[in-house]
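Here's the structure we're looking at; comments come further down.
The values are calculated or read from the model by the stated rules, or taken from the named source; none is laboratory data. Treat the numbers as computed from the prediction; the structure is a model and nothing was measured. So basically every Cβ, Gly included, is an ideal-geometry build from the backbone, and we count neighbours across all protein chains shown. All accessible areas refer to the heavy atoms of the entire protein, side chains included, with ligands and DNA or RNA removed. Shrake-Rupley method; radii C 1.70, N 1.55, O 1.52, S 1.80 Å.
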Amino acid sequence: MSLIPSFFGGRRSIFDPFSMDMWDPFNEFPLSTSLSVPRSQFSNETAAFANARIDWKETPEAHIFKADLAGLKKEEVKVEVEECRVLQISGERNRENEEKNDHWHRMERSSGKFLRRFRLPENAKIDHVKAAMENGVLTVTVPKEQIKKPEVKAIEISS
């Protein structure tokens, strides 16, 4: 267990050799430095949603991806598998329309587009991928091919 506090969001992540995400060491860093690139107001508004949190677990039967997409309809989310065994989950949450007479006190809900890509392992059945959305959680199930264990034949030893 590490005694070093986490300045990068507080949530620890597991190294994922199949992920194609780019890690930004200064993303969500609480201190601004002269070396950091200034971010526009637009990018700050969408930062939380643009990096949609997705869990990936592997069971003996399948690879299961779960994404928290609260407030999105299934029509606003797209799940695709590219030829090179890449699972792509994308979508967009539109910003609420501002009326001229409205006076906003706070605007914390994020809006914008998100895109996450995962390289699937060789044992994934990419023709049998299923996706379901329930209570703001997208679940993508990628079945695994059954690996046949080689038959072992006992050989009698002669004298």
Residues satisfying the stated conditions in the range 89-118, i.e. under 22 Å from the mean Cα position of the chain (by Cα) and open to solvent by 80 Å² or more (accessible area, probe 1.4 Å): 94, 95, 108, 109, 113, 115
statement: Of the residues in the range 85-99, those that are in contact with a strand residue (DSSP E or B) (Cβ under 9 Å, 6 or more places away or on another chain) and either among the small types (Gly, Ala, Ser) or free of Cβ contacts under 8 Å to residues at least 12 places away in the same chain (or both) come to 90, 91
- line: Output for Cβ contacts, cut-off 8 Å, separation at least six or different chains, first residue among the acidic types (Asp, Glu) in the range 130-159, second assigned to a strand (DSSP E or B), reads 145/124
statement: residue 144 vs (1) under 21 Å from residue 55 (Cα atoms); (2) open to solvent by 40 Å² or more (accessible area, probe 1.4 Å); (3) charged (D, E, K, R): all pass except (2)
- prompt: What about residue 159, is it of a type in the set (S, T, N, Q) and surrounded by 15 or more Cβ atoms within 10 Å (Cβ to Cβ)?
  reply: no
- prompt: Can you name the residue in the range 120-141 that is assigned to a strand (DSSP E or B) and either of a type in the set (A, V, I, L, M, F, W, C) or over 17 Å from the mean Cα position of the chain (by Cα) (or both) and, of all such residues, is surrounded by the fewest Cβ atoms within 10 Å (Cβ to Cβ)?
  reply: 132
task: Select from the range 83-93 the residues that are assigned to a loop (DSSP other than H, G, I, E, B) and at negative phi and list them in ascending order.
output: 83, 84
message: Of the conditions (1) at positive phi; (2) assigned to a strand (DSSP E or B), residue 71 satisfies every one except a single condition; which number is it?
response: (2)
message: Quick test for you: out of 96, 151, 108, pick the one residue that is among the charged types (D, E, K, R) and either touching a Lys or Arg at 6+ places or on another chain (Cβ under 9 Å) or assigned to a strand (DSSP E or B) (or both).
response: 96
task: Would you point out the residue of the range 53-63, among those that are in contact with a Lys or Arg (Cβ under 6 Å, 6 or more places away or on another chain) and surrounded by 15 or more Cβ atoms within 10 Å (Cβ to Cβ), that is modelled with the lowest pLDDT?
output: 54
